[in-house]
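What follows is a short report on a single structure.
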Amino acid sequence: MKRRVLITLPIVAASALMLSACGIADTISPPIQSALYETTADAAGASGSLVLPSFVEADATQIRLVTLDSRNAAIMTYAVPAVVATGEACTPDQMAKLPVMDQTWWPQALPDHGITCSGDWHLWAAGNQFYAWKS
């Protein structure tokens with residue numbers, strides 16, 4: 001009986017350590033998904049969190065989308081030939097939700113004005129480039 005306990009104990013301890021290591025790894029480097037679509041047609045087969053939001057215009061190009069599913073967060077950018085007003089004015093509660101992600105292509109600072117909301121998404125245009133986030 002003691003021998004079984006002595007054999008089982010290290011196995012249980014090792015299993016617990018491996019399971020907790022996965023949780024630590026996700027905390028240190030959270031699992032993200034990303035996609036780069038040349039056009040909206042290229043995104044047609046996307047699934048899950050990599051599906052484009054409905055506000056992305058049909059003629060959008062150079063679409064970058066990065067998602068963090070564990071926090072229901074995402075950032076995105078895309079280019080359009082001509083900027084069309086998108087979304088509605090954000091409420092103060094919506095504006096309190098800042099981006100929780102960053103990428104090298106993401107602007108270092110948010111603009112002081114011009115941010116609109118579409119559902120959970122915040123977006124603004126800089127030239128012919130749109131930036132959007134949800135958090």
Trypsin sites (Lys or Arg not before Pro) lying in DSSP loop within the stretch 35-119, provided at most 16 other Cβ fall within 10 Å: LYS97
Nitroxide proxy distance, nm - points 7 Å out along Cα→Cβ at ALA44 and GLN62: 2.4 nm
Sequence-distant residues sharing a close amide H with ALA73 (under 5 Å, placed H): LEU68
In Hz, Karplus ³J(HN,Hα) per residue of the stretch 54-62 (6.51, -1.76, 1.60; θ = phi - 60°; x = Gly, Pro): 5, 6, 5, 5, 4, 9, 5, 9, 6
In Hz, Karplus ³J(HN,Hα) per residue of the stretch 72-78 (6.51, -1.76, 1.60; θ = phi - 60°; x = Gly, Pro): 6, 10, 7, 10, 7, 9, 7
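Read-outs: derived from the displayed coordinates by stated rules, not from any lab. All of these numbers come straight from a predicted model, not from anything done at the bench. Heads up, the Cβs are rebuilt from the backbone with ideal geometry, glycines too, and the neighbour counts pull from every protein chain shown.
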